[in-house]
Amino acid sequence: MKPPKATSSTQKGAGATQPAVFSCVKRITKRSDFIQASHAKRLGVKGFLLQARNRNDDDQTIRVGFTCSKKVGNAVARNRAKRRLREITNLILISSAKKGWDYVLIGKKEVTASRDFIKLKNDLTYALQKIHK
């Protein structure tokens, strides 16, 4: 049995489409970066708490971190809340965030995982506008 031949749409090369990868947004993973963000600007909205700081360095990437304490619930609830926060940042941060800034989104108990997704997106857009005012 022969394998199927690649069509022009599946071949890699000049005509292939690029994957939807957000190269200008990186993850915050170090505890020290989370702590520095906690001492910067913050704004609470109904769905989450946003902390933001300008790094004031030459690196123009946007960095984002997510956290949910045990107050949010068990591991399943915390992971669900963080997945929802990750998704809204993938949709909103590219167009609304400022380069060279760190953002930390903190999930809220019983709200982040259950709030309507459109409202979460609107919360992030509103929070970014208020932080950068």
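The values are calculated or read from the model by the stated rules, or taken from the named source; none is laboratory data. These numbers were taken from a predicted model, which means no experiment stands behind them. FYI the Cβ positions are ideal-geometry reconstructions off the backbone, even for glycines, and counts take in every protein chain you see.
In table form, for the structure just shown:
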read-out: Subset of region 103-112 (residues that are modelled with pLDDT under 95 and within 15 Å of the chain's Cα centre (by Cα)); value: THR112
read-out: Residue in region 25-43 that is among the charged types (D, E, K, R) and at pLDDT below 85 present; value: no
read-out: Complete set of residues in region 72-102 that are in a helix (DSSP H, G or I), in contact with a strand residue (DSSP E or B) (Cβ under 8 Å, 6 or more places away or on another chain) and small (Gly, Ala, Ser); value: ALA81
read-out: Search result, residues across region 69-99 that are under 20 Å from VAL25 (Cα atoms), crowded, with 18+ Cβ neighbours inside 10 Å and touching a helix residue (DSSP H, G or I) at 6+ places or on another chain (Cβ under 9 Å); value: ARG84, LEU85, ILE88, THR89, ILE92, LEU93, ALA97
